[in-house]
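Data first, discussion second: the structure below is written as structure tokens.
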């Protein structure tokens, strides 16, 4: 018997779904038959469409709770339901901790933690009224290892993982809450962070699988967690990191 994931008719929200990792997530949910609603700060040039199901975009600053509430209410009114919410919006530029301003740290925290809080808070009543749902929070390997240069980002992602585990218990049994912890992902902006192709290759060599993840691979993990195949999975953090990082001591071990 073939095993597949069919989310036909389901309504999926993806924050930051217009590019990068978000676009890979959107691609997978569209392929599974879902209706996908995305938000971001600026209108994308193009939007995905599959079998007449167009991605619907709304400009939303997810750091603003009122804007999030309005977006979720609009989707619930138009679609009549919300089945899945993927908190993907996030990121932070590299900067040392002391040089960054308090406002910078606040904005990083707002985007990478409080935005997920606002979305979760807004979708819970809609999902509960519909009999249940699934929330997937995108976190990072930075949540569980030192993250110099993006210290507050890592701390915010650690907070998101804690939120994931707590809400999974608080909202059980009908609403499942899980997280996908990303390692390094190849996106159009990877070069800005890691350098040219040669430098990216050297960074990739620090990953046991030897390659960055693709946005679609992150999307596959989200799709699994949102699907009936994960019906007994909640409060989990699924690593999509190619094995993490080679232990540093191996560089000094003769037989490694």
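Laboratory data are not the source of any read-out in this text; all were calculated from the coordinates shown. Small disclaimer: the values here were computed from a predicted structure and weren't measured. Virtual Cβ from ideal backbone geometry, glycine too; neighbours counted across all protein chains shown.
What to note about this one:
- The range 37-103 and the range 166-239 have Cα centres lying 18 Å from one another.
- Site pair residue 51 and residue 253 shows an inter-label distance of 4.8 nm when each label is modelled 7 Å from Cα along Cα→Cβ.
- Scattering curve values for the chain, log₁₀ I(q)/I(0), Debye with Cα scatterers, q = 0.08, 0.13 Å⁻¹: -0.31, -0.82
- With a simple spin-label model that places each label point 7 Å from the Cα along the Cα-to-Cβ direction, the separation between residue 64 and residue 166 comes to 2.6 nm.
- Applying 1/(1 + (r/R0)^6) with r as the Cβ-Cβ distance of residue 78 and residue 199 and R0 = 35 angstrom yields a FRET efficiency of 0.20.
- The range 107-221: projected area of the alpha-carbon convex hull, averaged over directions, in nm²: 8.2 nm²
- Cβ-based exposure ranking for 35, 252, in which fewest neighbours within 10 Å come first: 252, 35
- Sequence of 27, 45 once ranked by neighbouring C-beta atoms within 10 Å, starting from the fewest: 45, 27
- Were the residues from residue 121 through residue 98 laid out at 0.36 nm apart, the gain over their Cα-Cα distance would be 5.0 nm.
- For the range 1-90, the Kirkwood estimate of hydrodynamic radius, built from reciprocal distances between every pair of different alpha carbons, is 13.2 Å.
- For a label point 7 Å along the Cα-to-beta-carbon line of residue 233, residues of the range 176-212 with backbone N under 11 Å: 178-181
- Helix-only CD estimate at 222 nm, as mean residue ellipticity for the chain, using -39500 (n - 2.57) per DSSP H run (n ≥ 4): -11500 deg cm²/dmol
- In terms of overall dimensions, the range 1-150 has a Cα radius of gyration and Dmax of 16.3, 58 angstrom.
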